[in-house]
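Worksheet: one structure, shown below.
Each value in this text was obtained by applying a stated rule to the coordinates, not by laboratory testing. From a predicted model like this one, the values you see are computed outputs, not experimental measurements. Cβ coordinates were reconstructed from backbone atoms using ideal geometry, including for glycine residues, and neighbour counts include every protein chain displayed.
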Amino acid sequence: MPSNALKTASIIFFVIGFGIFLLLNIVPVIVTLFMSMQDFMPWSGLLGSPWVGFYNYAEFFNSAVFQRLLSNSLALSLVPAALAVTFALPISLVIGGMEAGKPRSAATFMLLLPAFVPDIILASFALTLLPSSVLADPASFRVTMILLSALKPISLCAFIGACAAGTYNDRGKNIFHGALAGVIVGIAVNLIRFLSSNLELHTLIYHPMVYSTADTFDTFIFHTGMWQFQFSSSASVWIVKTVLQLLAVLVVFLIVLPQIDPRDHFTVSDTPYRDNTSSGSGIILGFLFAAAFLVFLLAPALLAGSHSFPGNSSMSLLALLLAIGNNLLITVFSSILFISLLLILAVWCHVHFGKGTILLILISSAIVNNISGEFLFYRNFGLINSYLPVIFSGIFNFSFVLATAYLAQLKNSNPDNFGSLFHTFSPYLSAFFGVFIANIWGSSFYQMIYMPNQSQWGIPLFLRGSFSSGVGPAHSLILSIAIPVLLFAIVTGLFFIKTDHQK
């Protein structure tokens, strides 16, 4: 059992972490619920807008768009999840079957590399390498979106599955159990959020010609609320989507829990099972993932145009430096908050690992990314056109919390002091921290929503603007995102390899 000091600290961590979650996420949920039952008028606010009851819900369910949004959301969320499980499970078995040591740690980390590629770089890849006819046709666009959306889930599931399978292998247990459990942990949050889209990637490349196969609950909420200012309509759609996702929590919970509880697998007195694969097979798989990472990351810059900012070269350099500075500020403070919350919530989840903890994590995962509610929440505090909403948005990632706690539980379920606990957590914290830094460095979506002042824009928002400029993405902007991401990945990989293979 963990020490009393760790138990006490974990409870304090829980109060802090979920207190912040309550303020930044639950309060906007309450705002959204009230707004969905009003004819909300921004100038009148919640207290001054007329009450209409369930009118917005009835209008949505009776509209022709409901069925289209439902089918598109299911296709663009569940198919990538299915692909992730299909590809990640056998890959996890191969890597996890390697003998413990630096080669296995390196191969395991290389599986995570595609998750470092920011969505705006993936969009650049699609826009610069694919024929325009592919993105203009509704059917081929859907296939493209599914494949691009599957890249990160495959990477994350394979990484988590390989980490778990490796631990099972080291314990002399059936590595298939470990790989399966790890992959399920990696995809659990995606299954809960089965009606949610990757809005960063989605809004970068879709357009009216493909709405029939590309419009989802989230894109409809974004357009209706943020573009048309019909906040009550967007709020009712978000509530419908979230209620359906909360109903899915029970189903996923009943599937996930029996598979991932290490106490069930590690306490059974079965015959030690080892199935070590050759290091060569695992390393080859790892290098394939690393090659995919480099292709997706760097190919767009090689094929993009040479233009950068409008104006003379001195102004272009000044604008680029200012954008880098803005990006650095957002990334540093977002990363500090993210790693702090990840650590305190993962420690709580690890120390109290069980049914109630997993259920709370899954429920929390279903109610994040409330665009309209969060926008009005920050607007009421006068924070629009500031860095703070951009910094706060996205700092809660419960898939990383669950994965970190689960992998640490496998490695050491009973740490007796904080040093032992941190030693157990360090490889997984570093891996997910690196992924977050890389993606926040390349994130433009929240900058677009909260920072209309161009002097505050980071590099990704300038790159997003170049997509619709008529001349295409600029390689100088792509490289300003890609090169730091490459450095983040290298540093993270070295740290993971150093800490993962240590006993």
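Remarks
- Peptides 432-444, 319-331, ordered by how many other C-beta atoms sit within 10 Å of their residues on average, highest first, read 432-444, 319-331.
- Amide proton proximity set for Q38, modelled H, under 5 Å, gap of 5+: V52
- Helix-only mean residue ellipticity at 222 nm for the chain, each DSSP H run of n ≥ 4 adding -39500 (n - 2.57), per residue, nearest 500: -24000 deg cm²/dmol
- As a proxy for reagent exposure, ranking I221, I384, I367, I336 by other Cβ atoms within 10 Å from fewest up yields I336, I384, I367, I221.
- Within straight-line cross-link reach of K355, lysines at Cα separation under 18 Å, skipping those fewer than 8 residues along the same chain: K7
- Area projected by the alpha carbon convex hull of the stretch 208-247, averaged over all directions, nm²: 3.0 nm²
- Over the stretch 110-180, the alpha carbon radius of gyration divided by the compact-protein estimate 2.2 N^0.38 Å works out to 1.51.
- Taken over the stretch 177-240, the alpha-carbon convex hull comes to 107 cubic angstrom per residue.
- Summing charges over neighbours of F194, with a neighbour being any other residue whose Cβ is under 13 Å away from its Cβ, gives +1 when K and R count +1 and D and E count -1.
- The mean sequence distance of close C-alpha pairs (under 8 Å, at least 6 residues apart), as a share of the length of the stretch 163-254, puts its relative contact order at 24 percent.
- ³J(HN,Hα) computed for each position of the stretch 131-146 - Karplus, 6.51 cos²θ - 1.76 cosθ + 1.60, integer Hz, glycine/proline x: x, 4, 5, 5, 7, 8, 8, x, 5, 5, 5, 4, 4, 4, 4, 4
- Approximate shape of the chain as ellipsoid semi-axes (Cα gyration tensor, √5λ), whole Å, largest first: 36, 28, 22
- Computed 3J(HN,Hα) for the stretch 240-255, one whole-Hz value per residue from the Karplus formula 6.51 cos²θ - 1.76 cosθ + 1.60 where θ = phi - 60°, is 4, 4, 6, 4, 5, 5, 5, 5, 6, 4, 4, 4, 5, 4, 5, 7, glycine and proline marked x.
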